[in-house]
Amino acid sequence: MVDGIQVAGVSDAHGARAVERQTVYVYEAPVRVWHWVNALCITVLFVTGYFIASPLPSVPGEASNSFLMGNIRFAHFAAGQVLAAFYLLRIYWIFAGNAHGRQIFYLPFWSRDYWAGVAHEAAWYLFLAKAPKKYVGHNPLAQLIMFSTFTVPLIFMIVTGFALYSEGEGIDSWQHKAFGWVFLIWPNSQEVHTLHHLGMWVLVTFAIIHIYAAVREDIMSRQSIISSMISGERIFKDEAAD
Amino acid sequence: MPAIESFYDVIRRQGITRRSFTKFCSLTAASLGFGPVAASKMAYALETNPRVPVIWMHGLECTCCSESFIRSAHPLAKDVVLSMISLDYDDTIMAAAGHQAEAILEETKEKYKGKYILAVEGNPPLNEGGMFCIDGGKPFVEKLKWMAEDAMAIIAWGACASWGCVQAAAPNPTKATPIDKVIKDKPIIKVPGCPPIAEVMTGVVTYITTFGRLPELDRQGRPKMFYSQRIHDKCYRRPHFDAGQFVEEWDDESARKGHCLYKMGCKGPTTYNACSTVRWNGGVSFPIQSGHGCIGCSEEGFWDKGPFYKRLSNIRQFGVEKNADEIGMAAAGVVGAAVATHAAVTAVKRVVTKRETEKL
Ligand code: HEM
Ligand code: HEM
Ligand code: SF4
Ligand code: SF4
């Protein structure tokens with residue numbers, strides 16, 4: 001089944017025809033596990049990243065009694081590497097998983113239908129359309145926002161993050177061999193810090209919109225949303241064709 | 001005497017003793033991070049290899065590199081290297097002047113084709129055909145290209161030659177341009193800093209003239225032996241950074257105790273240089289030791305990455321000078337407010353629609 005297509009009378013992945021409600025298996029387990037690990041890591045990265053740039057008030061006493069900044073940085077680097085590892089897993093799932101698993105990694109840029117879908121969804125959000133359409137995967141607007149303010153920026157954060165990390169690891173480290181090229185684009189690491197920092201705010205903005213949209217859609221739209229990311233099943237709330 | 005003179009011949013002619021010469025070799029070998037065997041290798045090379053001429057040219061610059069260079073900590077290093085250098089050409093400190101001086105350039109170019117080192121302090125401005133820096137009656141950029149043609153390698157001294165420095169600060173009216181953007185077909189070694197540390201400069205010159213090749217360089221073209229670590233990696237205040245002990249005001253308790261200068265804008269975490277190990281003025285001190293943060297003088301664009309006294313750099317691309325937090329919080333704030341409004345409108349609409357359906 002092609003994602004983003006509206007469905008009529010679908011049966012779910014297990015072949016069972018739901019009587020009252022249409023349900024369809026959308027988010028496979030790896031995607032769901034990834035989602036929540038990713039959300040947790042990013043939350044840790046937001047908080048620790050912010051305090052790396054603007055540290056907490058000075059700690060009194062002897063330096064040997066405290067490792068506050070060290071611990072904050074450790075948490076950041078640990079969460080960063082877990083995030084990166086799961087992102088690799090998620091990329092693997094583009095190929096191994098179902099069609100919905102691919103949606104946030106591309107834009108059907110040349111498809112008229114797609115942009116019409118974006119326009120309709122935007123109209124719904126601007127209170128201009130009476131009702132949203134039904135989608136199995138992400139709606140077209142969500143796909144647009146996820147691709148441009150999450151998927152791509154996160155790759156940027158991982159690349160710049162590892163480049164910054166390689167500075168501490170030294171120029172003989174694998175991190176420097178793999179990510180040191182970042183400093184050929186921005187020779188001054190201060191610039192990379194600034195961009196990595198701006199990237200955080202892109203993701204914070206995404207998170208605000210995303211969580212709001214998830215909660216709102218859960219209430220307002222014609223399909224289940226939050227429970228879909230927990231159980232994987234999309235439940236449609238009515239029987240209408242679109 | 002051999003037909004082509006070696007460094008040793010020149011040095012002895014300058015009245016330097018054999019004892020000073022061997023001391024110089026050991027000191028330099030140590031400062032380059034080599035073992036004791038290298039000292040005798042160096043001595044042997046300097047005694048037998050033909051002398052490598054060094055031509056030192058000045059573009060748009062402030063002469064701080066030369067000033068640093070002649071203050072090298074080990075007096076013998078200075079004497080020896082300076083006698084090697086001044087032999088050929090350095091218009092600031094050489095005795096010859098005018099046509100006599102320019103003749104040396106022609107001669108070196110011919111006689112030592114492909115064998116001399118071109119050391120460049122400063123950089124050429126490219127706007128208006130290079131008119132903003134005239135040297136010996138022609139634009140410096142022409143002289144630079146002309147001398148570079150036959151050089152073995154080029155040393156780009158300081159932040160000017162390596163990155164552009166303050167004369168290249170936005171909006172860079174003269175289009176001052178670092179050497180590696182003008183000369184593309186020669187090996188270039190960058191020795192950034194404003195100025196670079198004296199011992200780093202003499203170390204680099206000695207290495208190249210002794211071994212006849214460039215030392216190992218990093219991806220950005222800097223010698224690994226001096227620029228592979230950040231100030232922050234070897235800073236003696238680092239334990240205070242890790243502990244979270246920061247100077248917050250110039251006159252607070254932490255400042256007196258010598259805590260980390262991160263919150264006062266220290267750029268040590270993003271600056272590659274040898275200050276925290278080699279230090280300055282003969283190893284006496286370096287900026288952080290005297291209580292002032294690093295301003296990142298050996299880094300690309302440091303002049304435009306201010307303020308020097310704030311941790312976060314200003315971003316100019318948005319028309320106003322704001323840092324990443326100010327821009328990010330403004331964006332997140334606008335989006336947050338939009339979301340709140342949207343939620344309110346949604347709630348009202350829902351109530352209204354419900355009433356309408358109930359009426360039907
Ligand atoms: C969502 C992802 C991430 C966010 C929001 C984030 C946020 C931040 C922020 C705000 C800073 C401070 C920048 C500054 O100096 O102004 C920072 C620094 C840093 N981040 Fe991240 N980061 C993320 C991912 C990563 C990843 C994947 C790594 C790789 C391990 C990483 C490694 C680093 C390093 C090494 C620093 C510099 C620490 C220092 O200077 O002491 N980050 N991060
Ligand atoms: C309380 C917090 C969160 C909730 C309730 C939540 C909920 C959801 C839901 C319901 C979906 C499925 C949307 C759909 O069916 O169309 C989803 C997908 C997604 N969420 Fe979250 N989310 C949260 C936090 C985050 C955070 C912090 C991030 C990262 C910044 C994030 C990134 C994503 C991404 C990238 C997807 C798409 C997954 C895919 O298709 O592969 N989420 N989220
Ligand atoms: S004073 Fe500067 S270089 Fe030293 S530890 Fe603090 S931030 Fe790093
Ligand atoms: S401490 Fe920093 S600003 Fe000061 S000389 Fe060294 S590199 Fe330049």
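The values are calculated or read from the model by the stated rules, or taken from the named source; none is laboratory data. This is a predicted model, so every value here is computed, not measured. Cβ sites come from the backbone with ideal geometry, for glycine too, and all protein chains shown count toward neighbours. Each accessible area value is taken on the protein alone, full model and side chains, heavy atoms only, with ligands, DNA and RNA left out. Shrake-Rupley method; radii C 1.70, N 1.55, O 1.52, S 1.80 Å.
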Choice from B:F241, B:F132, B:F318 with maximal GNM fluctuation in chain B (Cα, 10 Å cutoff): B:F318
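Taking a 1.4 Å probe, which of B:V335, B:V351 shows the most accessible area, and what order do the others take after it?
Numbers: B:V335 30, B:V351 75 Å².
Ranking B:V335, B:V351 by accessible area, largest first, yields B:V351, B:V335.
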Distance between region A:143-206 and region A:66-137 - C-alpha centres, whole angstrom: 18 Å
Interchain or long-range residues, amide H under 5 Å from A:T23's placed H: A:D12, A:A18, A:F236
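From the C-alpha gyration tensor of chain A, pull out the three semi-axes of the equivalent ellipsoid (sqrt of 5λ each), sorted largest to smallest, in whole Å. Before the final figure, lay out each step's value.
Numbers: eigenvalues 316, 69, 62 Å².
Over the Cα atoms of chain A, the ellipsoid semi-axes are 40, 19, 18 Å.
Given the convex hull over the Cα atoms of region B:211-307, what projected area results after averaging over all orientations, in nm²? Working shown, then result.
On the way: hull surface 29.9 nm².
Across all orientations, region B:211-307 yields a mean hull projection of 7.5 nm².
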Nearest-10 value in Å² for the accessible area of A:E28, using the 1.4 Å probe: 40 Å²
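Among B:K181, B:K349, what's the order by accessible area (1.4 angstrom probe), most exposed first?
Details: B:K181 125, B:K349 90 Å².
Result, largest first: B:K181, B:K349.
Lys and Arg at +1, Asp and Glu at -1: add these up for the other residues within a Cβ distance under 9 Å of B:P178 and post the number. Intermediate results must be reported in sequence, preceding the final value.
Values: positive: B:K181, B:K190; negative: B:D180, B:E300.
So the environment of B:P178 carries a net charge of 0.
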Whole-Å distance, taken between Cα centres, linking region B:171-197 and region B:6-29: 32 Å
Values of log10 I(q)/I(0), in the order q = 0.08 Å⁻¹, for chain B under a Debye, Cα-only, solvent-free model: -0.49
Crossing angle, helix A:29-53 versus chain A [Cα axis fit, 0-90 degrees, rounded to tens]: 40 degrees
Members of B:K175/B:K322; B:K224/B:K267; A:K237/B:K359; B:K138/B:K175; B:K184/B:K322 lying beyond 28 Å, as alpha-carbon distances in this model show: B:K184/B:K322
Nearest-20 debye value, the protein assembly as shown charge dipole, Cβ charges on Lys, Arg, Asp, Glu: 800 debye
Expected 222 nm ellipticity per residue - DSSP helices of 4 or more, -39500 (n - 2.57), all of the protein assembly as shown, to 500: -15000 deg cm²/dmol
Leading residue at positive end of dipole, region A:26-233 (Cβ point charges), from A:Q103, A:Y114, A:F77: A:Y114
Pair A:L128, B:K41: separation of 7 Å Cα→Cβ label points (nm): 7.4 nm
Among A:I230, A:I171, A:I155, residue whose mean-square fluctuation peaks in a GNM of chain A (springs only between Cα atoms under 10 Å): A:I171
Area projected by the alpha carbon convex hull of region B:131-271, averaged over all directions, nm²: 11.4 nm²
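Checking understanding here: applying a Kyte-Doolittle mean of at least -0.5 and a length along the axis of at least 30 Å (C-alpha), which whole DSSP H helices in chain B pass? Present the calculation step by step, with values, prior to reporting the outcome.
Working: long enough: B:324-359 (52 Å, 0.33).
Membrane-span-like by this rule: B:324-359.
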Mean projected area (nm²) of the alpha-carbon convex hull when region B:51-227 is viewed from all directions: 9.4 nm²
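With all distinct Cα pairs included, what does the Kirkwood hydrodynamic radius of the protein assembly as shown come out to in Å, to one decimal, could you say? Walk me through the numbers on the way to the answer.
Numbers: mean 1/r = 0.0351 Å⁻¹.
When all Cα pairs of the protein assembly as shown are included, the Kirkwood radius is 28.5 Å.
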Positive-end extreme of charge dipole, region B:275-360 - chosen from B:F308, B:A338, B:F286 (charges on Cβ): B:A338
Listed residues A:Q143, A:Q190, A:Q81, most fluctuating in chain A (Gaussian network, C-alpha, under 10 Å): A:Q190
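Evaluate the charge dipole of region B:109-260 about its Cα centre and quote only its size in Debye, nearest 20, assuming +1 on the Cβ of each Lys and Arg and -1 on the Cβ of each Asp and Glu.
About 720 debye.
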In nm, spacing of pseudo-spin labels at B:R12 and B:E106 (7 Å Cα→C-beta vector): 3.4 nm
Area accessible to solvent at B:T48, 1.4 Å probe radius, in Å²: 70 Å²
Cα→Cβ-extended label distance, 7 Å offset, between A:R112 and A:S64, nm: 7.7 nm
Accessible-area value, A:L195, 1.4 Å probe, nucleic acids and ligands omitted, Å²: 40 Å²
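For B:K145 and B:A169, FRET efficiency with R0 = 22 Å and r from the beta-carbon atoms, rounded to 0.05?
On the way: r = 24 Å, r/R0 = 1.11.
For B:A169 and B:K145, the calculated efficiency is 0.35.
Suppose every Lys and Arg Cβ carries +1 and every Asp and Glu Cβ carries -1, with no other charges. What dipole size does region B:176-271 come out with about its Cα centre, to the nearest 20 debye? Write down the numbers at each step before the final one.
Values: 16 positive and 12 negative charges, 97 e Å.
That gives a dipole near 460 debye.
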